[in-house]
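Coordinate-derived values only; no laboratory data. All figures in this text were calculated on a predicted structure; none of them were measured in a lab. Quick reminder, even Gly has a Cβ in these numbers, built from the backbone with ideal geometry, and neighbours come from all protein chains shown.
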Amino acid sequence: MVNLVIDGQRVDAEEGWTILDAARYYGVEIPTLCHMDGLTPYSACRLCVVEVRRGERSRMVASCSCPVEVGMEVVTKSDRVKKARRMIIELMLATTPNSRTLQCLASEHGVTEVRFRGEDRRCILCGLCIRICDQQMRGGAIGFSQRGVDRTVSLPFHKTPEACRQCGACMYVCPVCELPCPGTLQPGELCNNCLNVVEIDAFPSAK
Ligand code: FES
């Protein structure tokens, strides 16, 4: 067992757990985007950032990949953490402005403006699609290509490979290519309408 403190509470975690595992086990909510149980952590979005304090020192870590350690003091909602999460959401919105998930996150976390401008890429490069294709569907049909600002998810040679069974898992797990935000579609604007979103009836004929 690993003894640590999460938000002031002493807790016991299993060896090998991440901070996110321990937090969820004890009902402490930490937002995530690129994490999914059953897939290896990739720590791309950094939304799950928390503060780890040891004495006078503290550091910011991605909770989805940082293992628990004896004596660790984890703070999941400090001002520093909240500020970092707001900045992360803002940066992701700059390149994926019409994602309903991101717009909802912006509302939840008090992001009221996007100060950055970017090309609308409809992708936050979280790698979930690549990991589910490879690790769960055993397809390995997509991957990252290019580097830096040109980095993108693509098919090999831009052709659908035989390994792709068109199962749709990549789209199913994508946190940003689902239904677009029903609010304003102007880049850089936030609709903050998430609390008024009309539920979509996915099975109308079943009634
Ligand atoms: S959920 Fe941890 S970095 Fe994305």
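Calculate, in nm to one decimal, what residue 15 and residue 53 gain on full extension: separation in residues at 0.36 nm each, minus their alpha carbon distance.
11.7 nm
Using a Förster distance of 35 Å, how high is the FRET efficiency between residue 37 and residue 113, based on the Cβ-Cβ distance and rounded to 0.05?
With a Förster radius of 35 Å, E is 0.55.
Assuming R0 = 25 Å, can you tell me the calculated FRET efficiency for the pair residue 78 and residue 25, based on Cβ-Cβ distance, to the nearest 0.05?
With a Förster radius of 25 Å, E is 0.75.
Please report the equivalent ellipsoid semi-axes of the range 63-141, computed as sqrt(5 x eigenvalue) of the Cα gyration tensor, largest first, in whole Å.
Computed over the range 63-141, the values are 25, 24, 9 Å.
Given +1 on the Cβ of Lys and Arg, -1 on the Cβ of Asp and Glu, and no further charges, what dipole in debye does the range 128-173 carry about its Cα centre, rounded to the nearest 20?
Taking the Cα centre of the range 128-173 as origin, the dipole is about 40 debye.
Starting from the amide H of residue 49, placed 1.01 Å from N in the peptide plane, find each other amide H under 5 Å away whose residue is 5 or more places distant or on another chain.
Here 63 satisfy the definition.
Scan the range 48-117 for trypsin sites (Lys or Arg not before Pro) in coil per DSSP, keeping those whose Cβ has at most 11 other Cβ atoms within 10 Å, and list them by number.
115, 117
Helix 100-109 against the longest principal axis of the chain: what's the angle in degrees, Cα atoms only, rounded to the nearest 10?
For helix 100-109, the angle is close to 30 degrees.
If you plug each phi of the range 166-174 into the Karplus form 6.51 cos²θ - 1.76 cosθ + 1.60 with θ = phi - 60°, what whole-Hz ³J(HN,Hα) values come out, in order, with x for Gly and Pro?
Using θ = phi - 60°, the values come out as 6, 6, x, 4, 4, 6, 4, 8, 4 Hz.
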